[in-house]
Structures are given as structure tokens and as C-alpha cells.
Amino acid sequence: MNIAIIKYNAGNVASVMYALDRIGAKYTWTDDEKVIQAADKVIFPGVGEASTAMAYLREKKLDQLIPTLKQPVLATCIGMQLLCKHSEENDTDCMGVFDVNIIRFQSNDLKIPHVGWNSIQATGENDLMKGLNETEFVYFVHSFYAPVYQDTSATCDYIQPFSAMLQKDNFFAAQFHAEISGKVGQKIIQNFLDL
Amino acid sequence: MLTKRIIPCLDIKEGRTVKGTNFVDLRDAGDPVELGAFYAENGADELVFLDITATIDNRKTLVELVKQVARQVNIPFTVGGGIGSIEDVSALLNAGADKVSINSSAVRRPGLIDELALQFGSQCIIVAIDTRFVDGIDWVHTHGGRNITPIKTIEWAKEVEQRGAGEILLTSMDTDGTKAGFANQLTAEISSNSSIPIIASGGAGTMKDFYDVFTLGKADAGLAASIFHFKEIEINALKNYLAKKGIPMRI
């Protein structure tokens, strides 16, 4: 299998590569349109800030390419947020694969960002949580979130319920870091590779 | 529900764990990779590797070690010890570390925190604060707690957050090694005035000490070394105990 990890300016992706190494999957880290289009699976990872990341994707025209991909795409953390319509983080227009806006957590008593292991619950169709329990723990680090809406495939509760995972056609997304979420995260990545 | 984290800390010297360990079931208890993987399999929520020699010669050894850990361990891990530049951090993150921890270098030059947060994102920058109570005030210390600074711990904690630290690892030199409990009062004061997670360290001796640091101390995570290495407390048993007492835990 031929896996493309999309190369852009959002943070460090070494952990994602090591997670694939542990599974024994081969991958290419690339921003080349042809290589991405030809891949069997595409991973769109990242940590970072939305407006800087979108500016880079536009410059490389990846913002045009990604929404048109037909093979299974897995977006994590900021990758997931960039696939949504708009982010409150520096008022950024994103790619709009998922018809939902990213908003900032607000709380007077709970800490922001949301950091650590929290439980997620599968809701409805969730191909990536096959073989897992309905409730599992995964590792989060984020200050912005997607509210629960029709394409939510798993929810998490912090301050209020939000989308931990999204799923629509060939697009799969996780707000958490599957690559460092223990056996659960490993299974989620494996399920994606098995699609 | 967001859970409280239990974090074993492994001290590393020339690529080996120091402070003996008591794991008879490990092939090589001095191998940080094997010990880290063991903890990851047995309930640890995160790992911290602290390079206690941290000389330039040892840097390459440390980077190699981080690569091996990253190949084995599927939970977040932090690397600390002697990190003083963007290049240091870049090498460790590229080798697969999820976060780095800086201490003395941030005290020497606080702007380093801003630079690292801007370059790599706050989520991977932990500022470690070593503190000791002297003449009625908590002061920041450096060099493993040996040198006092003119900086008040409470004020430094606020400053590092403003500069972009993603988490604070607070070690009390007053309680460290005593096994008489964490510095709950100071931890609570800092945690209550902070929006970033506080990892409490120093003083863990019993399971109740962890209960206290999560309740009285308002800590987000509890870190310890020897009690885990010597199997005085087993992490899964600790987490079951805490969960029964109502502390949210990843079991």
C-alpha cells in the first residue's frame, strides 16, 4: 500500500511517522500533487495555527487538491479543523469538506487548552472504531473544537460535548492524536489503513 | 471526562537509566527503551525522560535514544535536560519526542520560551520549575535545585504561561526525595491561577499522596520516579485506587 502524508507547515509529524513504522506501514511525506493523488491512502496530520497553515496550503494549491481527493483521507488535530468550513482561530476560512465551523473553548473554571486523556463515544457510523469499545480513551491537545453535528462519528465531553471524530464519504477526521493514543490509537490507524 | 495523568520519570545518563530499578521481569532494567515500553504497557499515561548529564557529547546519544523510544512507545513522551536552543528542540522533536522540557535555560533567558512556542507550538513546550521554600517565600532554583535565583516561583509560573509554555512541571525541592507527599499548597496556588496543566513532582511516597495532590493540590498530573521504579507503587494499582476514590482515571 502507498500512503502519502501531506507535507505542510503545521508542526512536527515525526510521531505520525513512527506510529506508521510501529504498524509496519510504508509512507511518503510529500506536498507533490501527483504523488498525493496517486496514493492509496492520504494522511493529513498537524499541530499548529490555522491561518498560517491555510496560507501555506493555498500557496501550494493543496487547498484545491485535498477536497477533491477520492481515496480515504485521515485528518488529525489541526488537519481536521482545516477540513471544516471556518475556524475562529484568527478568523480563517478553511477547506469546507465538513460543513461545520471551528470555535474556541470558553470556560471560567476549566483549563484551556484541553490537554490529556479523555473518553470518546462512537455515534452512528464510525468505521475507524470497529473492534473497539463504544467508549475509549484517547489523547487530546487543543483549544478549538468542532461542535457536534450530522457528520460527527464520535463525541467527547470537555466543557460541553464536541466532535472527537468526523466521517463523511472518504473523509475521516480525529481531533485527538491517534498516533500517541496507545493501543486504541493504533487500532484506529490500522482500521483506516484497512479501509 | 478528562482524566488526571500518572507519569513515571526516567533519569538517563549516557543513554542508560540511573537510579536502580526493581523490575525482575525486565531483561535489562537499565535500558530506557525497554523500561519506557513496560510503563506504557502498564498504565502510564505519559513518560518523561530526563537526561541528567546533558553534555554536548551525550546529545547524539540522547537523540538516538529518543528515536528508539519513539519506535516502541505509543503514548506521549517528553524529553528534558540541558535543552537550550531551537536546534536542540528541533533535533529531539524530529527524533520523535512529543514534548520537550526546559528549565535552567528558560530562567537564564526567558525569551527562549516565546521563541520555542512560536516555532513549535505551545503544546510541546513544558517549562520545568524547581522550587524551594526559603525565608518564607518559594523561590525558583536551577541546576537541580542547587542554585537559588531572585525569582519568585508564583510569579515565574505566571510569566512562563504568558510567554507560551504549554504545561508546567513543578518540582518541590522541599518534598523531593522525602516520600512525605507533594507540595500541595504551592501546587494548588499555581494551578488555580493558571490555565495550563500543572504536573506535580517531588515527594510521592504513598497512593494517598497522589489522591491529595489531585484534590488538595489541584494538579493535572502527578509525576514520580523511584516509587515506580522500585515497584513500591504499581501504576495500574494506583490508578484503580484513585478511580475508586472518584478521581477520573484512564483505566
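The values are calculated or read from the model by the stated rules, or taken from the named source; none is laboratory data. Quick caveat: nothing in here was measured; it's all calculated off a predicted structure. Every residue, glycine as well, gets a Cβ built from its backbone with ideal geometry; the counts of neighbours run over all protein chains shown. Side chains included, ligands, DNA and RNA excluded: accessible areas come from the protein's heavy atoms. Shrake-Rupley method; radii C 1.70, N 1.55, O 1.52, S 1.80 Å.
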TODO: Take peptide B:68-76, look around each residue's Cβ out to 10 angstrom, count Cβ atoms belonging to other protein chains, and average those counts.
DONE: 6
Open item on the list: Modelling each spin label as a point 7 Å along the Cα-to-Cβ direction, I'd like the B:Glu87/B:Ala237 distance in nm, to one decimal.
Closed with: 4.8
Open item on the list: Explain nothing, just the number: dipole magnitude of segment A:3-194 about its Cα centre with +1 on each Lys and Arg Cβ and -1 on each Asp and Glu Cβ, in debye rounded to the nearest 20.
Closed with: 440
Task: Chains B and A together, accessible area buried on both sides, 1.4 angstrom probe, square angstrom - done: 2300
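Counting only Cα atoms, I'd like the Rg/Rh figure for segment A:137-184, Kirkwood definition for Rh.
Details: Rg = 10.7 Å, Rh = 11.2 Å.
My calculation of the ratio gives 0.95.
Translational D (Stokes-Einstein, µm²/s) of segment A:113-195 at 10 °C and 1.306 mPa s when Rh comes from the Kirkwood sum over C-alpha pairs? Mind dumping the intermediate values first?
On the way: Rh = 12.5 Å.
Translational diffusion coefficient: 127 µm²/s.
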Task: Cα lying deepest toward the dipole's positive end in the protein assembly as shown, options B:Gln68, A:Tyr27, A:Met1, charges on Cβ - done: B:Gln68
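My understanding is that a pair violates if its Cα-Cα distance is over 24 Å; which of B:Lys60/B:Lys152; A:Lys61/B:Lys67; A:Lys70/A:Lys130; A:Lys183/B:Lys60 do that in this structure? Spell out each step's value before the answer.
On the way: B:Lys60/B:Lys152 35 Å; A:Lys61/B:Lys67 33 Å; A:Lys70/A:Lys130 22 Å; A:Lys183/B:Lys60 30 Å.
In this structure, B:Lys60/B:Lys152; A:Lys61/B:Lys67; A:Lys183/B:Lys60 lie more than 24 Å apart at Cα.
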TODO: Would you mind computing, in nm to one decimal, how far apart the modelled labels at B:Val134 and A:Asp127 are, each placed 7 Å from Cα along Cα→Cβ?
DONE: 6.2
- [ ] Would you mind working out the magnitude of the charge dipole of segment B:189-251 relative to its Cα centre, with +1 at each Lys and Arg C-beta and -1 at each Asp and Glu C-beta, to the nearest 20 Debye?
- [x] 260
Task: Size of electric dipole in segment B:5-244: Cβ of Lys, Arg +1 and of Asp, Glu -1, about Cα centre, debye, nearest 20 - done: 80
Task: Hz values of 3J(HN,Hα) by residue in segment A:161-172 - Karplus curve (6.51, -1.76, 1.60), Gly and Pro given as x - done: x, 9, 7, 7, 9, 10, 8, 8, 6, 8, 9, 10
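Under Stokes-Einstein, with the Kirkwood radius over Cα pairs standing in for Rh, what whole-number D in µm²/s applies to the protein assembly as shown at 25 °C and 0.890 mPa s? Write down the numbers at each step before the final one.
Values: Rh = 22.1 Å.
For the chosen part, D equals 111 µm²/s.
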TODO: Using +1 at the Cβ of each Lys and Arg and -1 at the Cβ of each Asp and Glu in segment A:3-194, identify which of A:Ala38, A:Leu62, A:Leu128 lies farthest towards the dipole's positive end.
DONE: A:Ala38
Open item on the list: My understanding is that a pair violates if its Cα-Cα distance is over 23 Å; which of B:Lys99/B:Lys208; A:Lys7/A:Lys85; B:Lys13/B:Lys99 do that in this structure?
Closed with: B:Lys99/B:Lys208
- [ ] For segment B:5-244, just run the numbers: alpha carbon Rg, then divide by 2.2 N^0.38 Å, N being how many residues it has.
- [x] 0.94
TODO: Rounded to the nearest 0.05, what FRET efficiency do B:Arg146 and B:Lys208 give with R0 = 30 Å and r taken as the Cβ-Cβ distance? Could you check?
DONE: 0.50
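Partner chain Cβ atoms within 10 Å, averaged over the residues of A:12-22 - can you pull that number for me?
Working: counts 11, 2, 10, 9, 1, 3, 10, 3, 0, 3, 5.
Partner Cβ neighbours, averaged per residue: 5.
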Task: Diffusion constant of segment A:3-194 at 20 °C, which comes from Stokes-Einstein with the Kirkwood Cα-pair radius and 1.002 mPa s, µm²/s - done: 131
- [ ] Report the calculated FRET efficiency for A:Ala55 and A:Lys85 (r = Cβ-Cβ distance, R0 = 22 Å), to the nearest 0.05.
- [x] 0.80
Open item on the list: Between A:Lys26 and B:Ile247, what's the calculated FRET efficiency when r is the beta-carbon distance and R0 is 45 Å? Round to 0.05.
Closed with: 0.60
